[in-house]
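Report on the following structure.
The values are calculated or read from the model by the stated rules, or taken from the named source; none is laboratory data. Owing to the predicted nature of the structure, the values given are computational and were not obtained by experimental measurement. Note that each Cβ is placed from the backbone with ideal geometry, even for glycine, and that neighbours are counted across all protein chains shown. Remember, those area values only see protein heavy atoms, side chains included, never the ligands or the DNA or RNA. Shrake-Rupley method; radii C 1.70, N 1.55, O 1.52, S 1.80 Å.
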Amino acid sequence: MSERSADTIDRIELDVNGTPSVVLAMGDPLAPPLVYFHGAGTFHGAEFAPAWAEEFRVLMPFHPGYGESGDYDDLQGVHDLVLHYTELFDQLGLVRDVNLVGLSLGGLLAARFAIAQQHRLRRLVLCCPAGLKVPEVPVDDLFTLKPEEVVGRLVHNFDTIAKHLPADPHDVDFTVDRYRETRTTALLFWEHPFDRVIPRWLGRVYIPSMVIWGDEDTLVPPALASHWGALLPNATVKTFADAGHLVLDESPDAVTTIAEFFS
Amino acid sequence: MSYADRAEFHYFHFFPYTGLPADAADKESLWVDYSNSNYDPKAGHVLYQRYLSEMLLADKLGFDGLVLNEHHNSQYTMNPAPNLTAAALIPQTTSRISVFGTPPNFEYPNRLAEEYAMLDVMSGGRLDVAFPLGTGMEYWANAVNPATARARFRESLDVILKCWTEDGPQSFAGDFYTYRYLNPWPKPIQQPHPPAYIVGAGSSETMELAAEYGFGYSVVFIPTSMQLKVFDHYRDRLVHHGHEVTDDKVTIGIFAYVAETDEKAEEEFMPHVMYFFETALRTTPRYLNPPGYVTVPEFRRRITSADVHGSADWDSLLEINRIVAGTPEKVADAIANWVEEAKTTRVNLNIALGDMPNWKVVKSTTLFAEEVIPRLRSRKVVPA
């Protein structure tokens, strides 16, 4: 076998029950699997992934209706995505000992997937997951915020994200891509932005888990971290300084902590 | 026979809330999030009284119909529930009443079918209706998902047609609505149902829906030249779907003002037209296009074409809209031309517009009825 560079990206194309789905993969195919679920926008990529690919086979699927994957006809809620990923995991042979990490919307999805498919997972990391309603911790509605405001509140240091934005703020392709992804987010969350299942069922997830948050997250408040930690029976909670909502883009320490947790 | 001498004039009144505080000029949007603390119910009462009197005047002067619209969270119209206004007008009028209209997505469809049937029966069969999808702005104001709006809309239409055209009790099993006993009383007096229109903004999805259901079609907020192309396509699609093309299938909107001279008419009309486009319509692209409200290709088309909301200059407004201000002769000529090129006999006519005072509305409405309509109806058509 030839030596693979840790930052070589494989592009895997699947048909997941009618949804054309793309999975980006890095690292040794025989290494332990690490699956990453992205959030509601894909434009900032996953520059932190090569650090994980040193040790893991990193698999980064695009959710239906986001990035390079096709649309899921009749998408109605997160449960549809749980079933989508059950099938996708089967196609990739991800039947046990999977390390799963999700950010924001992807964190909520990872939690919902773990509730239903825990037997496939070894460890779980939720990074600033969305969707938990805690009356004493108000969360701004994503749809109500102006797009330019959302971009500003994704990060603590704007330079982190500036390089992923088009030079022209009215760039048509970029705007259309964001519209498509926001449309998918609306299909999932417009009517019910908070998840009904998590508070009732997350207690089933007994595998070692970690909740990660950026101290400077102004989009989904860090005050929610302890509430997620309390719902998960076997979780530790870690917060990281000088990092906003895109905690993995802003905190190399968070990226390393996850790699160590999965090792 | 020309279209002009058979043209029907339906008197459209938006019932605008006017008299906004001075700082409204600084607001990015006067829809959706413009605070209702700026609404004064006492001023609203005076405006309702006045606007109802203007509608009654149009009825007495012999306009063919009166037209009401519906919008939410906006100074643009004081008719978030136009069926209430229609019910107030019915016993005082003899012309047709158009409710153009309640977006079916914002009511349970059986209830909308009931309300329209009530108005049709109460008026003795004088009701016309339009089914709008609802602007993007309405989806920020109502608890309905914009990303599934089109699918829900289609299903709502199916429920309404079933209510109107089939004897109950029926059942209905859809994706959005399940009815076990669909059996509304009353049913409409007009058969098979009141004339129905779909109102669109030029998207091919909406036009195709109108053609498929055999409904009339009305289009707003896109340039006249583009409307004509959409109308031709719509008539082709009507035929394709096996429906008859009649002269009233397409409705065009005209803003007209009549005065003693062209100069006086323009001087009296222009400020209110500018108010309408710059103030009443002012909103943001984000409110116009909530997530999933249009398909991804249609969104691309929209962000790469002209925006009519909240910025305008007079010359370009005249170029892309049907706006005329002048003597009866000039107005009649312009309208004759517009109905011929659109091949339609149905005109929704706005005289009252924006912050126009009552005296101008009364003056222009009276001149239009007494000097413009007779001119159009007495025209001789020169055979081609």
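When the Cα convex hull of the protein assembly as shown is projected onto planes of every orientation, the mean area is 33.1 nm². Please give the FRET efficiency for A:Thr218 paired with B:Lys229, using the beta carbon to beta carbon distance and R0 = 56 Å, rounded to the nearest 0.05. The formula returns an efficiency of 0.75 here. Among the residues of the range B:124-146, which ones have their accessible area go down by 50 Å² or more when all the protein chains sit together, as opposed to their chain alone (1.4 Å probe)? Going by heavy-atom accessible area, the residues of the range B:124-146 that drop by at least 50 Å² are B:Asn145.
Measuring r between the beta carbons of B:Ala151 and A:Ala31 and using R0 = 51 Å, the FRET efficiency lands at 0.70. Length gained on full extension, B:Leu52 to B:Ser378: 114.3 nm, using 0.36 nm per residue less the C-alpha separation.
Solvent exposure of the protein assembly as shown amounts to 42 Å² per residue of accessible area, where only protein heavy atoms count and the probe is 1.4 Å. For the range B:228-366, the relative contact order comes to 46 percent (Cα pairs under 8 Å, sequence separation of at least 6). When a 1.4 Å probe is rolled over the protein heavy atoms, the share of accessible surface on the range A:1-101 that falls to carbon and sulfur comes to 48 percent.
Between A:Glu54 and B:Glu28, what is the FRET efficiency for a Förster distance of 41 Å, r being their Cβ-Cβ separation, to the nearest 0.05? Computed FRET efficiency for A:Glu54 and B:Glu28: 0.25.
When B and A come together, around 1600 square angstrom of accessible surface is lost from both chains combined, probe 1.4 Å.
Heavy-atom accessible surface of A:Glu149, to the nearest 10 Å², is about 80 Å², with a 1.4 Å probe and all protein chains retained.
Debye calculation, C-alpha points only, no solvent: report log10 I(q)/I(0) for the range B:263-325 at q = 0.14, 0.18, 0.19, 0.25 Å⁻¹, in the same order as the q values. Relative scattering, expressed as log10 I(q)/I(0), comes to -0.51, -0.73, -0.78, -1.06. Short-range pairs are left out: with C-alpha atoms under 8 Å and at least six residues apart, the relative contact order of the range A:151-263 is 32 percent. Scattering from the range A:1-160 was approximated by placing one identical point on each alpha carbon and applying the Debye formula without solvent; log10 I(q)/I(0) at 0.13, 0.17, 0.19, 0.21 1/Å stands at -0.65, -1.09, -1.32, -1.53.
Rolling a 1.4 Å probe over the protein heavy atoms leaves B:Met270 with an accessible area of roughly 60 Å². Packing order of peptides B:41-47, B:356-362, B:366-372, highest average first: B:366-372, B:356-362, B:41-47 (average count of other Cβ atoms within 10 Å over each peptide's residues). Taking 7 Å steps out from each Cα toward its Cβ at A:Glu13 and B:Lys42 produces label points 7.0 nm apart. Expressed to the nearest 5 percent, the antiparallel share of DSSP beta bridges inside the protein assembly as shown is 20 percent. Neighbouring Cβ atoms from other chains, within 10 Å of the Cβ of residues in A:167-179, number 2 on average.
Spatial offset of the range B:35-57 relative to the range A:82-152 amounts to 50 Å, using the alpha carbon center of each. Based on Cα contacts under 8 Å between residues 6+ apart, chain B shows a relative contact order of 23 percent.
Dipole of the protein assembly as shown (Lys/Arg Cβ +1, Asp/Glu Cβ -1, origin at the Cα centre): which of A:Val23, B:Met356, B:Ser156 lies farthest to the positive side? Positive-most Cα among the choices belongs to B:Ser156. Over every Cα atom in the range B:20-119, the radius of gyration and the widest Cα-Cα span, Dmax, amount to 15.4, 43 Å. Averaged over the residues of B:239-246, the number of partner chain Cβ atoms lying within 10 Å of the residue Cβ comes to 0.
Surface composition of the range B:130-191: carbon and sulfur atoms hold 49% of the protein heavy-atom accessible area at a 1.4 Å probe. Within 10 Å of the Cβ of each residue in B:288-296, the mean number of Cβ atoms contributed by other protein chains is 5.
The spacing between the range B:182-233 and the range B:323-355, judged by their C-alpha centroids, is 21 Å. Dipole check for chain B: with +1 at the C-beta of Lys and Arg, -1 at the C-beta of Asp and Glu, and the Cα centre as origin, the magnitude is about 640 Debye. Summarising the overall dimensions of the range A:127-263 from its C-alpha atoms, the Rg and Dmax are 16.2, 47 angstrom. Measuring from centroid to centroid over Cα atoms, what is the spacing of the range B:68-129 and the range A:171-209 in Å? If you average the Cα positions of each part, the centres end up 38 Å apart. Computed over protein heavy atoms with a 1.4 angstrom probe, the accessible surface ordering of B:His193, A:His79, largest first, is A:His79, B:His193. Full extension of the chain between B:Thr366 and B:Tyr181 yields a length gain of 61.7 nm, computed as 0.36 nm times the residue separation minus the alpha carbon distance.
The solvent-accessible area of A:Lys163, taken with every protein chain present and a 1.4 Å probe, is close to 130 Å². Among B:Thr165, B:Phe255, B:Val230, which residue has its Cα furthest toward the positive end of the charge dipole of the range B:162-307, with +1 on Lys/Arg Cβ and -1 on Asp/Glu Cβ? The one lying farthest along the dipole's positive direction is B:Thr165.
Taking the Cβ of A:Arg153 as the centre, find all other residues whose Cβ is under 9 Å away and add up their charges (Lys, Arg: +1; Asp, Glu: -1). It works out to a net charge of -3. Taken over the C-alpha atoms, the range B:1-51 has Rg and Dmax values of 17.2, 53 angstrom. Share of carbon and sulfur in the accessible area of the range B:11-67 stands at 55%, probe radius 1.4 Å. Spacing of the modelled spin labels on B:Asn358 and B:Leu84, each 7 Å from Cα toward Cβ, amounts to 2.2 nm. Name all residues of the range B:201-220 having a backbone nitrogen under 17 Å from the label point set 7 Å from the Cα of B:Arg301 along its Cα→Cβ direction, giving them as ranges. What the label zone holds, given the 17 Å backbone N cut-off, is B:201-212, B:217-220. Specify whether the C-alpha gyration tensor of chain B places it in the rounded, prolate or oblate class, a ≥ b ≥ c being the square roots of the eigenvalues: rounded for a/c under 1.5, otherwise prolate if a/b is larger than b/c and oblate if not. Rounded is the answer for chain B, as its axis ratio a/c remains below 1.5.
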